[in-house]
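Asks: I have a structure I would like to understand better, so I am pasting it below and will then ask my questions one at a time.
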Amino acid sequence: MNTETLIKDWIAVGNSYDTEKYLEFYIKDAILDDPSVGRKFVGHEGIKDYFVNYFIGYKTQTEFRKLDAKENSAYLEVEFTGDFPEGKIGGSFDFIFKNGKIEFVKADLIH
């Protein structure tokens, strides 16, 4: 698994708002934890809810900034732009991978 390619593809698919392709990056029972919205989103249904509400709903675009990749984990810094109050804000993701897919990710906003 090439982590940088996976992450860049994940960002590109997210920016295209293709929900089904976006979910293919996650194992079926993956967890997405986003303290900035105060919730954990579990499995494809939960992650779909997160993606539809916070990415598609706010027309969020994600721009790659920096990646620190290890064998089965990665830390990613990004910049978000969209129809949310700040208009532009930094963010980060801490990933854990299993079988070439996302098993767990913690999303956070950087103010």
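Asks: When you check Y26 against the structure, is it within 21 Å of M1 (Cα to Cα) and touching an Asp or Glu at 6+ places or on another chain (Cβ under 6 Å), yes or no?
Replies: no
Asks: From F93, F104, F80, F64, which residue is under 13 Å from E4 (Cβ atoms), touching a strand residue (DSSP E or B) at 6+ places or on another chain (Cβ under 8 Å) and either crowded, with 17+ Cβ neighbours inside 10 Å or touching a residue at least 40 places away in the same chain (Cβ under 8 Å) (or both)?
Replies: F64
Asks: Residues being among the small types (G, A, S), crowded, with 18+ Cβ neighbours inside 10 Å and in a helix (DSSP H, G or I): count how many of those fall in segment 1-58.
Replies: Final tally of qualifying residues: 1.
Asks: While we're here: Output the residues belonging to segment 67-77 that are within 18 Å of D33 (Cβ to Cβ) and surrounded by fewer than 17 Cβ atoms within 10 Å (Cβ to Cβ).
Replies: Within segment 67-77, N72, S73, Y75, E77 qualify.
Asks: Inspect all residues belonging to segment 81-92 and state whether any of them is among the acidic types (D, E) and in a strand (DSSP E or B).
Replies: no
Asks: Still on this structure, please answer the following. Every residue in segment 45-68 that is out of contact with any Gly (no Cβ under 8 Å at 6 or more places or on another chain), of a type outside the set (V, I, T) and closer than 18 Å to A30 by Cβ, please.
Replies: The answer is E45, G46, K48, D49, Y50, N53, Y54.
Asks: Let me ask something else. Could you list, ordered by first residue, the pairs with Cβ atoms under 8 Å in which the first is in segment 5-31 and under 15 Å from E63 (Cβ atoms) and the second is of a type in the set (F, W, Y) and part of a loop (DSSP other than H, G, I, E, B), at least 6 apart or interchain?
Replies: From residues that are under 15 Å from E63 (Cβ atoms), the pairs are D9/F25; W10/F25; V13/F25.
Only the coordinates and a few stated rules stand behind these numbers; no lab work does. Fair warning: this is a prediction, and the values are worked out from it, not measured in the lab. Cβ atoms come from the backbone with ideal geometry, glycine included; neighbour counts cover every protein chain shown.
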